[in-house]
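Contents: one structure, followed by commentary.
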Amino acid sequence: MNNRDPKRNLIIIVTVALIPIILLGAACLRTLMPARHAVVPIIVRDDQNRTVEPKSDTTVNGRRIDVYRTDEACVLMAPLAVQAYVSDRDDRGRNLSDLFTEDAEGLQIPVERIRHDDAGSLGNGYVKVAINDDAAACVVETESGVIWEVYYADFDRDGYKASKIISHDRERAYVPDTDAM
């Protein structure tokens, strides 16, 4: 076997040169093609604090929301659920029963242990993980920057009622439990 074979050397050089060109072309093509499932956060504001059942042809800020229930739940309902949850208003119990399942995780935390710093305004709601068209995990950021996760387990069974709410911003979302110290 001769290492000085000009044909073999030419094939190796061409192959090595083509690999970066192909990779660069693939990267450029991916950049130029629009993403199929890009989720653009849509800010929802509702100063009347009313619970609305979303319709498939809903528009928010002049933009149509897709018919996907996960998008509707996260954009329209999750911010309302967080607002009801962090509120200490007289109608809190009614709002929680309208927006959460009866056995929803997170509702066992006493209202006195939840911070109410921006309960009067809705935050931004957006889809974090769309599990499928019947379940979703939503993320809502309140105006003070606290991140809440709102989960919907079964739209067919529960409608637009959340099955769980939690915040990992513990010190910013909850009042410390002084009895446990």
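The values are calculated or read from the model by the stated rules, or taken from the named source; none is laboratory data. Quick caveat: nothing in here was measured; it's all calculated off a predicted structure. Note: ideal-geometry Cβ built from the backbone for every residue, glycine included; neighbour counts use all protein chains shown.
With the condition kept exactly as written, say whether any residue in the range 161-170 is assigned to a loop (DSSP other than H, G, I, E, B), at pLDDT below 90, more than 15 Å from the chain's Cα centre (by Cα) and within 20 Å of residue 108 (Cα to Cα). Yes, because at least one residue in the range 161-170 is assigned to a loop (DSSP other than H, G, I, E, B), at pLDDT below 90, more than 15 Å from the chain's Cα centre (by Cα) and within 20 Å of residue 108 (Cα to Cα).
For residue 164, the criteria (1) within 16 Å of residue 83 (Cβ to Cβ); (2) surrounded by 14 or more Cβ atoms within 10 Å (Cβ to Cβ) hold in every case but one, which is (1).
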